[in-house]
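Participant: Let me give you the structure first, and then I'll get to my questions.
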Amino acid sequence: MTKREAIRQTQQENTLMGLGFTRAEVESMRRISMTLRRWAEHECNGDIERNDDGIPYRSFAANGGKHFAYRISDREAGALKRLQAIISERNQRAADAVTSYIQGDPRGAALYILRPGDVPADKTADSYYTRGIVVY
């Protein structure tokens, strides 16, 4: 880790702790964000596909053009479940409620924490999520 990355990570940690998250929750959210980004990257590349029932499969083409797939654990669902638990615990401790936004494009950060007022009342987070706090 470079000095610049360490400074950015410390600033992110301090900002989220200022919102009422604990240090352990901040670290968990950082790992969740990295997991969701990797998952989105694999989906975008076609390495992970879901069947009609929503079960994820790792797929690849071997030599000779044969297509293979095998079932994998749903890390996306697990990460989202852990994130929801962290957000609810924080919202029980604090007066104002924060929400999360998952950005599924693998070219940027996957997780944003939205404070009250970040998204206008009559709008959706899809266009305003960058006003929130990015979790790398």
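Participant: Among the residues of segment 104-118, which ones are touching a residue at least 40 places away in the same chain (Cβ under 8 Å), surrounded by 14 or more Cβ atoms within 10 Å (Cβ to Cβ) and part of a loop (DSSP other than H, G, I, E, B)?
Facilitator: Matches in segment 104-118: Pro106, Ala109, Ala110, Arg115.
Participant: In segment 83-136, how many are among the charged types (D, E, K, R) and under 25 Å from Asn45 (Cα atoms)?
Facilitator: Keep residues of segment 83-136 that are among the charged types (D, E, K, R), which gives 89-90, 93, 96, 105, 107, 115, 118, 122-123, 126, 131.
Among the residues that remain, those that are also under 25 Å from Asn45 (Cα atoms) are: 105, 107, 126.
Adding up the residues that qualify gives 3.
Participant: Across segment 12-51, which residue is surrounded by the most Cβ atoms within 10 Å (Cβ to Cβ) among those that are under 22 Å from Ala94 (Cβ atoms) and hydroxyl-bearing (Ser, Thr, Tyr)?
Facilitator: Taking the candidates together, the pick is Ser33.
Participant: Could you pull out the residue among Arg58, Arg38, Arg90, Arg82 that is assigned to a strand (DSSP E or B) and either within 19 Å of Ile113 (Cβ to Cβ) or at pLDDT 90 or above (or both)? If you could, list the steps in order and put the result at the bottom.
Facilitator: Numbers: Arg38 fails: assigned to a strand (DSSP E or B); Arg90 fails: assigned to a strand (DSSP E or B); Arg82 fails: assigned to a strand (DSSP E or B).
Matching residue, one of Arg58, Arg38, Arg90, Arg82: Arg58.
Participant: Okay, moving on. Among the candidates Tyr101, Tyr70, which residue alone is aromatic (Phe, Trp, Tyr), outside any helix (DSSP H, G or I) and at pLDDT 90 or above?
Facilitator: Numbers: Tyr70 fails: at pLDDT 90 or above.
One residue alone meets the criteria, Tyr101.
Participant: List every residue pair whose Cβ atoms lie under 6 Å apart, where the two residues are 6 or more positions apart in sequence or sit on different chains, the first residue falls within segment 119-136 and is free of Cβ contacts under 8 Å to residues at least 60 places away in the same chain, and the second residue, located anywhere, is of a type in the set (Val, Ile, Thr).
Facilitator: Ala125/Val119; Tyr128/Val119; Gly132/Ile113
Participant: OK, next. Could you tell me which residue of segment 62-92 is nearest to Phe21 (Cα to Cα), considering only residues that are exposed (fewer than 11 other Cβ atoms within 10 Å of the Cβ) and touching a Phe, Trp or Tyr at 6+ places or on another chain (Cβ under 9 Å)?
Facilitator: Arg71
The values are calculated or read from the model by the stated rules, or taken from the named source; none is laboratory data. Because the structure is a prediction, the values reported are computed rather than measured. Virtual Cβ from ideal backbone geometry, glycine too; neighbours counted across all protein chains shown.
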